[in-house]
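**Student:** One structure, as structure tokens, below. Some questions next.
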């Protein structure tokens, strides 16, 4: 799939990987409530974070077709909503007799 092609109506773009953040499936003997194992290369991740100006950075943990886990930046932004037009007032003050 090429950059910005759609998959089931979703626009896909090239993933932005998170440098210094490594995600793996939990160890086979890990308790059932452990969902992932995360390793951080502190200097690499800190440098990447300090270069960003976002207040929030959302990260998705994904699994490749080959079974390898990885983390990418979730770049989804909500569409700007246009305010709904104000409905016409059904009770016009000029039509009230008092």
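**Student:** In the stretch 54-77, how many are under 8 Å from the mean Cα position of the chain (by Cα) and in a strand (DSSP E or B)?
**Tutor:** Result for the stretch 54-77: 5.
**Student:** Do you know which residues across the stretch 63-78 are surrounded by 13 or more Cβ atoms within 10 Å (Cβ to Cβ) and over 15 Å from residue 16 (Cβ atoms)?
**Tutor:** Correct list: 69 only.
Matching residues to (1) over 16 Å from residue 15 (Cβ atoms); (2) modelled with pLDDT of 95 or more; (3) exposed (fewer than 10 other Cβ atoms within 10 Å of the Cβ):
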residue: 34; (1), (2), (3): yes, yes, no
residue: 38; (1), (2), (3): yes, yes, no
residue: 48; (1), (2), (3): no, yes, no
residue: 61; (1), (2), (3): no, yes, no
residue: 91; (1), (2), (3): yes, no, yes
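**Student:** Which residue pairs have Cβ atoms under 8 Å apart, sit 6 or more places apart or on different chains, and have a first residue in the stretch 68-80 that is over 17 Å from residue 41 (Cα atoms) and a second that is modelled with pLDDT under 90?
**Tutor:** 75/13
The values are calculated or read from the model by the stated rules, or taken from the named source; none is laboratory data. None of these values were measured; they are calculated from a predicted model. Note that each Cβ is placed from the backbone with ideal geometry, even for glycine, and that neighbours are counted across all protein chains shown.
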